[in-house]
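Just below is one structure, and these are the notes that go with it.
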Amino acid sequence: MSDLPSAIHPDILPRLDPEYVAIHNEHIAHRIPPHTILWNPDIRNAPYIPGGSPVRTVGAVKDINLQNCKIRAFIPEGTPPPEGWPVLLYIHGGGWTLGSVDTLNSFISRQCKENNCVSVALGYRLAPENPYPAAVEDTIDALKFIYYNGKAEFNANVNKIAVGGSSSGGNLAAIACLKAQELTPPIPIIFQLLIVPGKRRKRIQNDHLLPAFSDGQHGIRH
């Protein structure tokens, strides 16, 4: 096996498309895997990588401080439907250690603009300073606030709540949807928007291959 820090494991190499292998070997194989680097909170002071589109103009933006976290609601322009705006609570990624309520302003404002829904960003407490279950608790608190106060705060239809997130945010979103059914009363969730969610960890070698490595996805040949 190659000594490069992010080399492709030989057990899965035959399953990969040669074009992907070439790209990986040129651009990725030499990188040190982030999970092997000792934690340093100074990483939060690094500038964000440019590339996001501008924040969209919406009807209103409302910041609300909860007990341990903060939410930001992007509210559509115009007159809401009689029953109120549908709602999307979207949770940023960052390995549970990076990001804030500001991280996805562009993406979340776009959801508000293009889907005519109240789109809510969550700034949850970050690890390692705030270990599990802090981020989960903040996600549930945000969901409960929307359900019980959304109508008054931003004219929301609390019977049309969707929850989404990317990477570790997708993990929190999936957990929130499960826990929402355990609340009294349960909070109905009509849709999950999970983008590369952190749902499962499994070694990608030998007989522990992920299912995706047998179905032609993500650079895998049929």
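The values are calculated or read from the model by the stated rules, or taken from the named source; none is laboratory data. All figures in this text were calculated on a predicted structure; none of them were measured in a lab. As a convention, Cβ positions derive from the backbone with ideal geometry for all residues, glycine included, and neighbour counts pool all protein chains shown.
Quick look at the values:
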read-out: Near pairs, Cβ below 6 angstrom, 6+ apart or cross-chain, from the stretch 55-80 (farther than 10 Å from Cys112 by Cβ and of a type outside the set (D, E, K, R)) to any residue that is part of a loop (DSSP other than H, G, I, E, B) and at pLDDT 95 or above; value: Asn68/Arg125; Cys69/Tyr124; Pro80/Asn155
read-out: Residue check, Val87 closer than 19 Å to Ile175 by Cβ, more than 12 Å from the chain's Cα centre (by Cα) and either charged (D, E, K, R) or buried (at least 17 other Cβ atoms within 10 Å of the Cβ) (or both); value: yes
read-out: Test: Gly164 is surrounded by 17 or more Cβ atoms within 10 Å (Cβ to Cβ) and either on the phi > 0 side of the Ramachandran plot or of a type in the set (Asp, Glu) (or both); value: no
read-out: Filter pass, Asn171 being touching an Asp or Glu at 6+ places or on another chain (Cβ under 8 Å) and of a type outside the set (D, E, K, R); value: no
read-out: Residue in the stretch 31-47 that is hydroxyl-bearing (Ser, Thr, Tyr) and within 21 Å of the chain's Cα centre (by Cα) present; value: no
read-out: Candidates Ile32, Ile23 - the one that is of a type in the set (Val, Ile, Thr) and outside any loop (DSSP other than H, G, I, E, B); value: Ile23
read-out: Count of the stretch 115-128 residues which are farther than 26 Å from Gly95 by Cα and either modelled with pLDDT under 95 or outside the structural domain of Gly99 (by TED's automatic domain parsing) (or both); value: 0
read-out: Single match in Gly94, Gly123, Gly59 (criterion: at positive phi and surrounded by 13 or more Cβ atoms within 10 Å (Cβ to Cβ)); value: Gly94
read-out: Condition check for Val58: part of a loop (DSSP other than H, G, I, E, B) and either more than 30 Å from Pro5 (Cβ to Cβ) or touching a strand residue (DSSP E or B) at 6+ places or on another chain (Cβ under 8 Å) (or both); value: yes
read-out: Residue in the stretch 149-170 that is nearest to the chain's Cα centre (by Cα), counting only those that are assigned to a helix (DSSP H, G or I) and within 24 Å of Thr184 (Cβ to Cβ); value: Gly150
read-out: Residue list for the stretch 68-92, filter: part of a loop (DSSP other than H, G, I, E, B) and more than 20 Å from Pro54 (Cβ to Cβ); value: Asn68, Cys69, Gly78, Thr79, Pro80, Pro81, Pro82, Glu83, Gly84
read-out: Subset tally (residues that are surrounded by 14 or more Cβ atoms within 10 Å (Cβ to Cβ) and in contact (Cβ under 8 Å) with a residue 60 or more places away in the chain) for the stretch 5-16; value: 4
read-out: Residue count for the stretch 93-148, restricted to those that are part of a helix (DSSP H, G or I) and more than 23 Å from Glu83 (Cα to Cα); value: 11
